[in-house]
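Visitor: Starting off with a structure, shown below.
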């Protein structure tokens, strides 16, 4: 299919890094299949904050990845490369990719795919992909969380936040979240969080220590970075783990080092997109073993705020920029109008 073309949401660059470049639907070459890959006809994908960074030139795809936006997808297998076993054309699948999710077709390693549970449609599956993979990776593989431990999740109303709340509670972990409005705090509690903190009106660090009786938490899932680092060190228990998955609060800071030693803390940096194919295959297998059964049983579920047609991708990005959403924003190839999904 290398000579064929497909529609995709593309970034029309101005040439100046940092600009909010225009999004447009254009015909681009269809991805070709390499050994071990399948071609998926994409029905839906989700909007991730990384898409907004890449659009502005701040987060380029790793070498060899598609330059088209999109880190996840849900759709139907259109073709499989010779030698691929276990998948057939017509199979409903979802998964993660280093780029290309905003295209009508995406080529993906066969061992990076997950079957869509019967209870989920394409939009719901797209809302699962990136955020549930991210939460599972960082809570249970990087931080090795166990039942009976405690977790602080920043941005509980985000896609990753809503996934982390549910996966942690399913594993018997106490969950404390921060969010920026009283409504988002309430919705996090409704989703299963044990405690919620409005970071705009309360100091999260002092609240965490009050909630835990001065003990602190075992793990912090952090996408803020520099501006919160010292307080995170203060609120972690002995042998606590700080997992940094974003740097929205800055990249440089100074900290007092002795608590790292005396409390035997671990600071873990984590990124999913640039992991090797083998690392992603291991993650996908872990996800299929541990998370897929929860999705199939309805014990965890995607939280969708709204759905846009891919032709309205600009509106979807604007909604993410404004931060007035709870859970996931999804792009669909079949939706003609914006649809409010709620939970």
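The values are calculated or read from the model by the stated rules, or taken from the named source; none is laboratory data. All of these numbers come straight from a predicted model, not from anything done at the bench. Positions of Cβ are backbone-derived with ideal geometry, glycine not excepted, and every protein chain shown enters the neighbour counts.
Visitor: Criterion first (touching a helix residue (DSSP H, G or I) at 6+ places or on another chain (Cβ under 9 Å) and touching a residue at least 60 places away in the same chain (Cβ under 8 Å)) does residue 104 satisfy it?
Guide: yes
Visitor: For segment 21-48, how many residues meet the condition of being in contact with a helix residue (DSSP H, G or I) (Cβ under 7 Å, 6 or more places away or on another chain) and modelled with pLDDT under 95?
Guide: Selection size over segment 21-48: 1.
Visitor: Could you please find all residues in segment 199-208 being touching a residue at least 12 places away in the same chain (Cβ under 8 Å) and surrounded by fewer than 17 Cβ atoms within 10 Å (Cβ to Cβ)?
Guide: Within segment 199-208, 200 is the sole residue that qualifies.
Visitor: Counting just the residues of segment 71-85 that are part of a loop (DSSP other than H, G, I, E, B) and in contact with a helix residue (DSSP H, G or I) (Cβ under 7 Å, 6 or more places away or on another chain), which one comes out surrounded by the most Cβ atoms within 10 Å (Cβ to Cβ)?
Guide: Going residue by residue through segment 71-85, those that are part of a loop (DSSP other than H, G, I, E, B) are 71, 81-85.
If we keep only those that are in contact with a helix residue (DSSP H, G or I) (Cβ under 7 Å, 6 or more places away or on another chain) too, we end up with 71, 84.
Values: 71: 26, 84: 19.
So the residue we want is 71.
Visitor: Here is a further query. If you scan segment 212-236, which residues turn out to be closer than 13 Å to residue 176 by Cβ and surrounded by fewer than 19 Cβ atoms within 10 Å (Cβ to Cβ)?
Guide: Within segment 212-236, 212, 213, 215 qualify.
Visitor: How about segment 86-98: which of its residues are in contact (Cβ under 8 Å) with a residue 40 or more places away in the chain and part of a loop (DSSP other than H, G, I, E, B)?
Guide: Scanning segment 86-98 gives 87, 98.
Visitor: Another question, if that's okay. Out of 155, 196, 159, 180, which single residue is touching a helix residue (DSSP H, G or I) at 6+ places or on another chain (Cβ under 7 Å) and over 16 Å from residue 217 (Cβ atoms)?
Guide: Just a single option satisfies the conditions, and that option is 159.
Here's the yes/no breakdown for (1) without any contact (Cβ under 8 Å) to a residue 24 or more places away in the chain; (2) outside the structural domain of residue 117 (by TED's automatic domain parsing):
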site	(1), (2)
227	no, yes
235	no, yes
241	no, yes
259	no, yes
264	no, yes
277	no, no
289	yes, no
308	no, no
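Visitor: Further question on the same structure: Of the numbered conditions (1) crowded, with 16+ Cβ neighbours inside 10 Å; (2) in a strand (DSSP E or B), residue 24 satisfies every one except a single condition; which is it?
Guide: The failed condition is (1).
Visitor: A follow-up question, please. Contact list please: Cβ distance under 8 Å, first residue in segment 186-197 and at positive phi and in the same structural domain as residue 157 (by TED's automatic domain parsing), second residue assigned to a helix (DSSP H, G or I) and crowded, with 21+ Cβ neighbours inside 10 Å, pairs at least six apart or on different chains.
Guide: 192/165; 192/166
Visitor: Applying the selection to segment 146-179, what residues are touching a strand residue (DSSP E or B) at 6+ places or on another chain (Cβ under 7 Å), assigned to a loop (DSSP other than H, G, I, E, B) and surrounded by fewer than 24 Cβ atoms within 10 Å (Cβ to Cβ)?
Guide: 149, 173
Visitor: Filter segment 37-58 for residues that are surrounded by fewer than 18 Cβ atoms within 10 Å (Cβ to Cβ) and in a loop (DSSP other than H, G, I, E, B) and give the result.
Guide: 56, 57, 58
Visitor: Something else now. I'm trying to understand the selection: among the residues of segment 297-327, which are assigned to a loop (DSSP other than H, G, I, E, B) and over 25 Å from residue 23 (Cβ atoms)?
Guide: Selection gives 298, 299, 300, 301.
Yes/no per residue for (1) surrounded by fewer than 19 Cβ atoms within 10 Å (Cβ to Cβ); (2) at pLDDT 95 or above; (3) within 19 Å of residue 179 (Cβ to Cβ):
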{"residue": "298", "(1), (2), (3)": "yes, yes, no"}
{"residue": "305", "(1), (2), (3)": "no, yes, yes"}
{"residue": "310", "(1), (2), (3)": "no, yes, no"}
{"residue": "314", "(1), (2), (3)": "yes, yes, no"}
{"residue": "328", "(1), (2), (3)": "no, yes, yes"}
{"residue": "333", "(1), (2), (3)": "yes, yes, no"}
{"residue": "336", "(1), (2), (3)": "yes, no, no"}
